[in-house]
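Input: a single structure, listed below in structure tokens.
The values are calculated or read from the model by the stated rules, or taken from the named source; none is laboratory data. Bear in mind that the values here come from a model prediction, so they are computed numbers and not experimental data. As a convention, Cβ positions derive from the backbone with ideal geometry for all residues, glycine included, and neighbour counts pool all protein chains shown.
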Amino acid sequence: MPARKMSDQINVQTDRIALNKFDSAAHDGMPPPGPGGDADDVLAQMHQALAKIPIEASTGSRSSKSDSDNADYVTLLEVSKAINSTMVLDDILKIVMHRAIGLLRAERGFLMLLDDNGVLSPRSAHNIHKESLTNAEDFRISRSVARRVAETGEAVYTSNAQNDERFANNESIVELNLRSILCVPLKTKNRLIGVCYLDNQVATRPFVRDDLYLFNLLAEQAAIAIEKAKLYDDLRALKVYNESIVRQTPAGIIVLDRDFRILTFNSMAETIFREPDSEWTGREIAGRNKSFLEILPPADRHWWAETLRRVRDTHQARLKDPYFHNTSSKEKVLSVKISILDSAEEEKQDLIILVEDITEKSILQKYVIHSEKLVAKAESAGAIGHELNNYLALISHHAELLPVYIERGQLDRLTGACKGILDHIDKMKRFTDGLMDFSRMETELVEYDLRLLIEEQLFSLRPHRKFARVKFETSFEPDLPLIKLDVGQIQQILLNLFNNAIEASGPDAEKRPEISVAVRRNRQRGAVDIIITDGGMGMPPEVAKKIFEPHFTTKTGGHGLGLYNCKKIIENHGGRIFVESTPGIGTSFIISLPVTDKYSSFDS
């Protein structure tokens with residue numbers, strides 16, 4: 001390869017003008033240029049720069065031929081394009097050694113990287129025939145030269161190592177009969193990551209000082225590409241690690257873009273939201289522009305859309321616990337948290353949804369509460385029994401004295417004994433009336449979500465045999481306000497009405513009983529209406545008029561206080577309850593609860 005020497009008027013840095021653009025792109029993390037990209041522009045600029053450089057002959061270096069000089073730099077740029085065309089580290093190392101050996105006509109080439117302990121480790125070794133060197137004998141190099149470059153960070157060049165006083169006492173150089181050696185550091189941002197080494201044993205093919213300059217340029221590009229490949233490997237490993245965590249976490253994880261298209265959908269989220277008859281999988285729908293709203297039941301889409309939009313626009317997280325998710329197969333209780341996903345890009349507004357299936361936990365809680373209520377009822381029953389026994393004991397005492405007074409002729413005492421019996425019977429009546437009259441119970445009002453109250457009530461009824469066959473249809477108007485109510489009392493009313501609805505279907509009903517529950521705003525009354533409708537036998541008008549009167553009943557063995565107490569509870573809440581019924585079609589009960597504490601709208 002002909003030699004050349006640059007003009008004294010041209011600084012050696014002139015040769016790097018075209019390479020700086022490529023260097024900047026690499027340092028800025030730009031993707032490797034492809035054909036027709038920035039590297040081709042750099043190549044054109046290099047040709048222009050080389051055309052302006054005067055060439056002078058110089059002894060001790062190559063003969064000067066402009067075409068050969070240009071070929072060196074064209075080759076160097078092609079090397080830069082090649083090593084930046086891949087992110088695979090082993091491929092980069094192989095390209096670097098092949099091109100370095102070809103460019104500088106070396107017999108052997110070795111590329112060594114520092115390991116985690118700071119020790120040089122051979123990563124790529126090739127000969128002039130582009131054959132990979134694998135034998136231990138092939139790896140024998142002047143390690144003293146490599147260590148020197150690694151320790152000082154300075155390149156080493158010698159055209160005749162046998163006569164170079166720096167290496168005269170180096171056994172490996174003498175033993176391997178090495179003539180020419182080039183060894184340059186691989187650096188990124190002044191941090192050494194390895195060395196690149198070339199040698200020749202043939203005296204007729206020595207390296208010259210210009211070769212060191214070219215080798216340094218190639219090493220600079222190689223170091224950048226190697227560092228990028230390492231970063232890419234680290235990012236890929238981190239990506240795999242994070243994906244494994246997301247995939248195996250026991251909580252559902254969903255990531256949506258600002259338009260609610262699915263970006264991430266892990267296996268637990270798939271288990272929670274996928275219907276049994278659906279064919280899609282979480283992996284299939286992630287990143288394919290599928291809207292999250294499309295996979296939801298139609299009745300749930302409005303709530304999700306409004307909630308996602310509110311979180312996206314306000315950047316305020318939303319927690320819904322519990323959230324009742326109705327599928328075609330069963331009802332699930334979920335804990336849902338929606339928030340903005342932190343990102344280095346401020347304009348991105350991805351949303352992350354964390355979902356946990358708490359159905360079993362909720363069922364256990366219901367059973368615990370039910371057990372506690374049973375215990376409380378047992379204790380109450382014991383207290384009631386004790387109180388009634390006291391009354392009965394006194395009545396029995398007076399009743400036993402009646403024949404005694406008659407036998408003794410103490411008729412004056414009969415009046416007192418009979419009065420005592422009647423007094424204690426009256427006390428018993430007042431005591432039992434107090435137990436059955438819910439209007440005497442203290443109402444504890446709290447602001448509560450009616451949708452949540454009804455969904456909790458329906459969920460608690462599912463395990464009971466009586467409601468196992470019942471098909472509940474729910475409908476909730478969006479953005480319902482909170483209502484001040486006594487949760488326990490309202491749920492007691494709902495239970496009473498649900499029982500009535502089942503009984504209205506008849507004991508021998510062949511079809512599955514259906515009960516619909518709708519909640520909607522009644523802006524005319526300033527209230528929220530709960531409408532419970534059955535498909536039962538209905539009631540004639542004369543019965544519907546008396547349905548809320550005390551002790552009125554159409555049931556065998558009924559006491560006629562159920563609906564009466566429901567009416568008293570609703571009135572205690574400042575609301576009203578109505579009934580609409582058509583014989584042979586069904587019955588609807590409408591519970592109207594005020595939105596505010598002002599009940600004047602109910603007086604008309």
Fill in: Qualifying strands (runs of 3 or more DSSP E) (wholly inside segment 152-245; at least 2 residues being more than 54 Å from the chain's Cα centre (by Cα) and surrounded by fewer than 12 Cβ atoms within 10 Å (Cβ to Cβ))
none
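A quick yes/no check of all residues on (1) acidic (Asp, Glu); (2) in a helix (DSSP H, G or I):
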site	(1), (2)
LEU452	no, yes
LEU458	no, yes
ARG469	no, no
ASP479	yes, no
PHE498	no, yes
ILE502	no, yes
SER516	no, no
Fill in: Test: VAL149 is within 52 Å of the chain's Cα centre (by Cα), outside any strand (DSSP E or B) and surrounded by 13 or more Cβ atoms within 10 Å (Cβ to Cβ)
yes
Practice prompt. Could you tell me whether SER335 is touching a strand residue (DSSP E or B) at 6+ places or on another chain (Cβ under 6 Å) and under 28 Å from SER475 (Cβ atoms)?
Written response: yes
Fill in: Within segment 474-488, considering residues that are surrounded by 13 or more Cβ atoms within 10 Å (Cβ to Cβ) and among the acidic types (Asp, Glu), the one farthest from VAL446 (Cα to Cα)
GLU477
Worksheet item: Can THR249 be described as without any contact (Cβ under 8 Å) to a residue 24 or more places away in the chain and in contact with an Asp or Glu (Cβ under 8 Å, 6 or more places away or on another chain)?
Response: no
Worksheet item: In segment 92-110, which residue that is buried (at least 20 other Cβ atoms within 10 Å of the Cβ) and under 19 Å from ARG179 (Cα atoms) is modelled with the lowest pLDDT?
Response: LEU103
Worksheet, complete the sentence: For ILE181, the lone unmet condition from (1) within 20 Å of MET112 (Cα to Cα); (2) free of Cβ contacts under 8 Å to residues at least 24 places away in the same chain is (2)
Practice prompt. Take the residues in segment 447-461 that are under 14 Å from VAL595 (Cα atoms) and of a type in the set (Asp, Glu), then tell me which one is surrounded by the fewest Cβ atoms within 10 Å (Cβ to Cβ).
Written response: GLU447
Item to complete: Report, by residue number, each residue of segment 80-91 that is closer than 19 Å to ASN127 by Cβ and buried (at least 23 other Cβ atoms within 10 Å of the Cβ).
Response: none
Worksheet, complete the sentence: Considering residues that are in a loop (DSSP other than H, G, I, E, B), surrounded by 14 or more Cβ atoms within 10 Å (Cβ to Cβ) and modelled with pLDDT of 75 or more, the number found within segment 403-446 is 1
